[in-house]
Amino acid sequence: MSLELYNQSNERAEHKNQLVQKVQSLGLKQDEYMVISSAAMELLGCDRVSGDIDILVTEDVYDALVTSSREKGLEEVESSGLKMLNGNGFNIFYDLVVGVGTEKEVRYLDYYQPVKSSEGVMCMSLSDVMEYKERRGKEKDINDVRLINEELNES
């Protein structure tokens, strides 16, 4: 392995460790949250470095985090009609819904079954991240779908 590849590998491992530590710093129980999107991809082994950590939490946890938001470096904001806690590398949501405007509206935490990363972090499965990203269809999401396919084909 070349020195450059070795350094990249170490940097990715360090970034992944930082992700794990940040999620664990929230002190959430396994049934209260799920890491989604690119952070889930990174935690589950994809060759992807995430820029932030998107997390879904239960409404009770969200309310508790709002109360302690200042000490955790979070601020409640609204984006595209969704309330979220933002800051310190996090985007924390509780009200993401599948099937909006249909009779089958279901919250993500009830719809998707989380999987545990090797570090014990609860994540959206790669197949569910792929479905989520295919539905969004942004350019970065199309690239992420390719990375997920590569990871799933290697498994």
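The values are calculated or read from the model by the stated rules, or taken from the named source; none is laboratory data. Since this is a predicted model, take the numbers as computed values, not measurements. Here Cβ is always computed from backbone atoms with ideal geometry, including for glycine, and neighbour counts include all displayed protein chains.
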Can you pull out the residues in region 101-155 that are of a type in the set (A, V, I, L, M) and modelled with pLDDT of 85 or more?
Val115, Val121, Met122, Met124, Leu126, Val129, Met130, Ile142, Val145, Leu147, Ile148, Leu152
Assess whether Ser50 counts as being surrounded by 19 or more Cβ atoms within 10 Å (Cβ to Cβ), in contact with a Ser or Thr (Cβ under 7 Å, 6 or more places away or on another chain), modelled with pLDDT under 95 and closer than 19 Å to Met122 by Cα.
yes
For Glu42, are the conditions met, namely being under 22 Å from Asp128 (Cβ atoms), of a type in the set (D, E, K, R) and at pLDDT 90 or above?
yes
Filtering region 109-138 for residues that are of a type in the set (Lys, Arg) and within 26 Å of Ala13 (Cα to Cα) leaves a count of 2
